[in-house]
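The values are calculated or read from the model by the stated rules, or taken from the named source; none is laboratory data. Keep in mind it's a predicted model, so treat the numbers as computed, not measured. Please note: Cβ atoms are built from the backbone with ideal geometry, for glycine as well, and neighbour counts cover all protein chains shown. Heads up: the accessible areas ignore ligands, DNA and RNA and are worked out on the full protein's heavy atoms, side chains in. Shrake-Rupley method; radii C 1.70, N 1.55, O 1.52, S 1.80 Å.
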Amino acid sequence: MTADLGFIHRFIPAAEPDNSMTLLLLHGTGGNEQDLIPLGQALLPGAAILSVRGKVPERGMPRFFRRLAEGVFDEEDLKFRTIELAQFIDAAGRVYEFGGNIIAVGYSNGANIAASLMLMCPAVLVGAVLFRAMVPLVPDALPDLTGKQALLAAGRQDPIVPQANTVKLAEMLKAAGAAVSLHWHDGGHDLGQDDIAAAQGWMAAWKPAK
């Protein structure tokens, strides 16, 4: 189920009409809108799914924003793409009529723009599962993330994301008022079964803010 809203994407309605949960799936570099659907369905069965393809090419590989080098982001492009994605999510919500509780599930580049959404457009998401995320940018002023929740799943041996960078992102989100959980995987940048189990447990415990 898709509409022409500016991004290639796939929408799967919730299994039950009264389910207010929507997972926003954001792939890593070189991925597409199909990649994370099985993961999303495993994390929160029955929820609506909005899975998006990044539209910034890097040597033919889709990404959500430009980078200047490994770990060095084009901040102006990141800001533009974050707002563009937020506008798309708003438009998709009106077209597909999905619930207001949107949790992002992002991997690598997708996790980075999900973190940027939380920092720049805090009204869009109620929470995020950030697999292998880095600090995307440091805003001039932290948003109010009171009532928001985030899980950061990081690799102790990740050659791309230093542990200190993960901790910095966690502390930034906490300073903004979010409830942050941190899961450490003993391997590198690829996901392990323990990452998925940690995310399933986090999803099962998630409660909307009162």
Tally Lys/Arg at +1 and Asp/Glu at -1 over every other residue whose Cβ is under 10 Å from the Cβ of S51; what's the total?
0
Given a 1.4 Å probe, the accessible area of segment 147-210 per residue, as a whole number of Å², is 50
Quick shape summary for segment 1-73, equivalent ellipsoid via Cα gyration tensor, semi-axes whole Å in descending order, reads 27, 13, 9
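Normalising by the residue count of segment 69-210, find the relative contact order in percent from Cα pairs under 8 Å and 6+ residues apart. Could you put the intermediate results ahead of the total?
Details: 232 pairs, mean separation 28.0, N = 142.
With pairs under 8 Å counted, the relative contact order is 20 percent.
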How much net charge surrounds A176 when only other residues with a Cβ under 9 Å from its Cβ are counted (Lys, Arg +1; Asp, Glu -1)?
+1
Relative contact order for segment 60-136: what percent, with Cα pairs under 8 Å and sequence separation of 6 or more?
30
Output the peptides 70-80, 53-63, 120-130, 100-110 sorted from most to least packed, where packing is the average of other Cβ atoms within 10 Å over each peptide's residues.
100-110, 120-130, 53-63, 70-80
What is the local net charge at H27, summed over the other residues whose Cβ is closer than 11 Å to its Cβ (Lys, Arg +1; Asp, Glu -1)?
0
For F73, list long-range residues whose amide hydrogen, built 1.01 Å from N in the peptide plane, is under 5 Å from its own amide hydrogen.
L68
Quick check: residue separation of N32 and L137 times 0.36 nm, minus the Cα distance between them. What number comes out in nm?
35.4 nm
Based on alpha-carbon centroids, what's the gap between segment 152-210 and segment 1-69 in Å, whole number please?
19
Please say if segment 58-210 is rounded, prolate or oblate, where rounded means a/c under 1.5 for a ≥ b ≥ c the square roots of the C-alpha gyration tensor eigenvalues, and otherwise the choice is prolate for a/b larger than b/c and oblate otherwise?
rounded
Check cross-link reach from K55 to the lysines: straight Cα distance under 19 Å, and skip same-chain residues fewer than eight apart.
K79
In the chain the accessible area split gives carbon plus sulfur, as whole percent at 1.4 Å, a share of 52
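If you roll a 1.4 Å probe over the heavy atoms of the protein chains, what accessible area per residue do you get for segment 4-85, in Å²?
Value for segment 4-85: 47 Å² per residue.
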Please enumerate, by chain and number, the lysines with C-alpha under 17 Å from the C-alpha of K207, excluding those fewer than 8 residues away in the same chain.
K148
